[in-house]
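Peer 1: My structure is below; once you've seen it, I'll send some questions.
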Amino acid sequence: MSLTTRCDHKICRDCINQYINKQLNEKGIVKIECLANHCNFLMEYEDMKRVASKDLIERYEYLSFREAIRQIPDFRWCHNQNCGSGQEHLGEDISPIMICIACGQMNCFTHDVIWHDGRTCTEYEAEKNTIEGATRDTIERETKTCPGCGIRIYKYGGCTHMTCKCGHQFCWLCCADYKNIIDYGNNYHEITCELYSKSAYLI
């Protein structure tokens, strides 16, 4: 069985459904390509009805609908968790309060959140920027970037010898490669590091 009617790459039905399930339910992808290498043909709705289970077809329809809705610039979903409705808001940023026609929830069109009572959009934006700035400062102050993979790492305690999930070992204080420090001594710390020593004594 082929995944699309526009190519003839044969794949078993079980494998097709496992693949579609992963794309839809784990990745949220509706543009599903043929499994064959270098085949860029996408599944169409008729392909989905031909090969997929009923549950997967319904999931595909739901995600396709939401994808289409996202293309409407003035559309916003209601932020009431128990609602699930959405609508176009013609007032745009000039009149940012959007009242859900289904449940009455007040939402902010400009920031796409529940309406921020007691604060104008300008005040909400300033507060949001302050919080985000403080968060960035905290991350910069309390984490280090692994020189091996670039992921930010938080140190809970212990010594300065760090080992990232990627396997790279480095000094927390100066980010020097710890394998060199182990092999050749503390003179392989950065010269500005408090652990730097011209001797080969290890810590």
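Peer 1: Could you list 162, 1 so that the one with the fewest beta carbons within 10 Å of its beta carbon is first and the one with the most is last?
Peer 2: With the sparsest Cβ surroundings first, the list reads 1, 162.
Peer 1: OK, next. Expressed as a rounded percentage, what relative contact order does the chain have, with Cα pairs under 8 Å and six or more residues apart?
Peer 2: Relative contact order for the chain comes out at 8 percent.
Peer 1: Something else about it: Using modelled backbone amide H atoms (1.01 Å from N, in-plane), which distant-in-sequence or interchain residues come within less than 5 Å of residue 189's amide H?
Peer 2: Amide H to amide H, under 5 Å and 5 or more residues apart or across chains, residue 189 pairs with 197.
Peer 1: Let me ask you something else. Using the Kyte-Doolittle scale, which helices in the chain average at least -0.5 and also have C-alpha atoms spread 30 Å or more along the helix axis, with helices defined as whole DSSP H runs?
Peer 2: Result, helices passing both filters: zero.
Peer 1: Per DSSP H run of at least 4 residues, take -39500 (n - 2.57); add these up for the chain, divide by its residues and hand me the 222 nm value, nearest 500 deg cm²/dmol.
Peer 2: Value at 222 nm, helices only, nearest 500: -9500 deg cm²/dmol.
Peer 1: Step through the table entries 31/165; 144/165; 31/54; 27/155, compare each Cα-Cα distance with 21 Å, and write down the pairs that go over it.
Peer 2: From the list (31/165; 144/165; 31/54; 27/155), the Cα-Cα distance tops 21 Å for 31/165; 27/155.
Peer 1: Show which aspartates and glutamates lie in cross-link reach of residue 198 when reach means a straight Cα distance below 19 angstrom and same-chain residues fewer than eight apart are skipped.
Peer 2: Result set, ordered by chain and number: 177, 183, 190.
Peer 1: Ok, one more. For region 42-136, what relative contact order do you get, as a whole percent, if you take Cα pairs closer than 8 Å and at least 6 residues apart?
Peer 2: 15
Peer 1: A follow-up question, please. Please give the length that would be gained between residue 69 and residue 173 if that part of the chain were fully extended, namely 0.36 nm times their separation in residues minus their C-alpha to C-alpha distance (nm, one decimal).
Peer 2: 32.5 nm
Peer 1: Tell me, what ³J(HN,Hα) does each residue in region 186-191 have, in order and in whole Hz, if you take phi through Karplus 6.51 cos²θ - 1.76 cosθ + 1.60 with θ = phi - 60° and put x for Gly and Pro?
Peer 2: 3J(HN,Hα) across region 186-191, in whole Hz: 5, 6, 9, 5, 4, 4.
Peer 1: Could you give P(r) for the chain, binned at 5 Å from zero, as whole percent values over all Cα-Cα pairs?
Peer 2: For the chain, the binned pair fractions read 1, 6, 10, 9, 8, 7, 8, 10, 11, 11, 9, 6, 4, 1, 0 percent.
Peer 1: Further question: Using each residue's phi in region 158-169, evaluate 6.51 cos²θ - 1.76 cosθ + 1.60 at θ = phi - 60° and report the 3J(HN,Hα) Karplus result to the nearest Hz, with x for Gly and Pro.
Peer 2: These are the phi-based 3J(HN,Hα) values: x, 7, 8, 7, 9, 10, 6, 4, 6, x, 6, 10 Hz.
Peer 1: For region 73-142, what class follows from the C-alpha gyration tensor (a ≥ b ≥ c being the square roots of its eigenvalues): rounded when a/c is under 1.5, otherwise prolate if a/b is larger than b/c, else oblate?
Peer 2: It is prolate, given that a/c is not under 1.5 and a/b is the larger ratio.
Peer 1: When ranked by the protection proxy of mean other Cβ atoms within 10 Å per residue, highest first, what sequence do the peptides 168-180, 141-153 form?
Peer 2: Highest-to-lowest ranking by the protection proxy: 168-180, 141-153.
Peer 1: Which order do the peptides 127-133, 54-60 take when ranked by the mean count of other beta-carbon atoms within 10 Å per residue, highest first?
Peer 2: 54-60, 127-133
Peer 1: Sticking with this one: Across region 146-188, how large is the tail of the calculated P(r) beyond 14 Å, expressed as a percent of all Cα pairs?
Peer 2: 42
A short reminder: the numbers here are calculations on the coordinates, not readings from a lab. Please read all numbers here as calculations on a predicted model, not as lab measurements. Don't worry about glycine lacking a Cβ; one is built from the backbone with ideal geometry, like all the others, and counts go over all protein chains shown.
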